Amino acid sequence: MVVVGPVREDPDRLAMRVFMKAIEILGGPRKLIEYRRLTWLPSLMEACYAVVLRDLYHKSNEEIARELGITEQTVRNIMSSDEEAVLKKIKGELTDEDFKTHVAGGLAKLAWREVRRGVDEHAAFIESSREALEAVEGPLWAIRTLMAIKGTDFPIEGADALAERLRGIEAYGVDLADVARELEYPIRTPAELLRKLAERLRGRRGG
């Protein structure tokens with residue numbers, strides 16, 4: 001007799017579910033846009049991946065750090081964050097200074113707990129996913145872009161350094177390194193970069 005074990009969801013897909021739930025807890029994607037908080041997305045995405053890799057795939061801090069390209073200390077900060085304290089904190093007005101690794105980690109842990117409890121019911125998940133897609137013109141490439149440019153000084157004055165960072169990130173079958181060379185510079189903020197990339201991608205697709 002063949003015993004079939006539980007099927008574990010792809011970590012990328014599961015991390016995205018946790019990420020969507022975290023955005024919902026923060027007030028939804030439109031709230032992030034309204035308060036110009038797109039710069040939070042890389043830290044939040046890293047935390048969501050870290051929580052999933054630890055809890056479901058039992059990876060060590062070292063393995064998680066290597067896989068995500070972050071430090072072991074960052075992983076430790078994520079894992080030691082207090083979800084309940086973070087929940088109280090995010091009910092107030094969060095600033096960029098507030099949104100440190102421990103806040104992202106606590107938020108990711110809250111979201112993961114709700115996902116595991118089944119709180120992200122199918123219809124609600126689809127709707128929040130749709131809103132997030134609309135808000136950032138496609139979250140996967142947008143999030144990967146924000147993670148790739150982490151530490152970049154703004155304004156960005158030219159295409160070369162940006163194209164190198166974006167090389168290998170694809171959106172709708174297009175390498176964003178190529179798209180970066182078509183943009184107008186300078187680019188003053190991460191949000192402006194996402195907007196310009198989205199506009200150029202729409203132009204390429206005839207949208």
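Are any residues in the range 146-162 over 12 Å from residue 193 (Cβ atoms) and in contact with a helix residue (DSSP H, G or I) (Cβ under 7 Å, 6 or more places away or on another chain), and if so, which ones?
Once the filter is applied, which keeps residues that are over 12 Å from residue 193 (Cβ atoms) and in contact with a helix residue (DSSP H, G or I) (Cβ under 7 Å, 6 or more places away or on another chain), the range 146-162 yields 147, 150.
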Tell me, which residue of the range 145-168 that is of a type outside the set (A, V, I, L, M) and more than 15 Å from residue 179 (Cβ to Cβ) is modelled with the highest pLDDT?
-> 157
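The values are calculated or read from the model by the stated rules, or taken from the named source; none is laboratory data. Computed from a predicted model, the values in this text were never measured in an experiment. In this analysis, Cβ positions are derived from the backbone assuming ideal geometry, glycine residues included, and neighbour counts consider all displayed protein chains.
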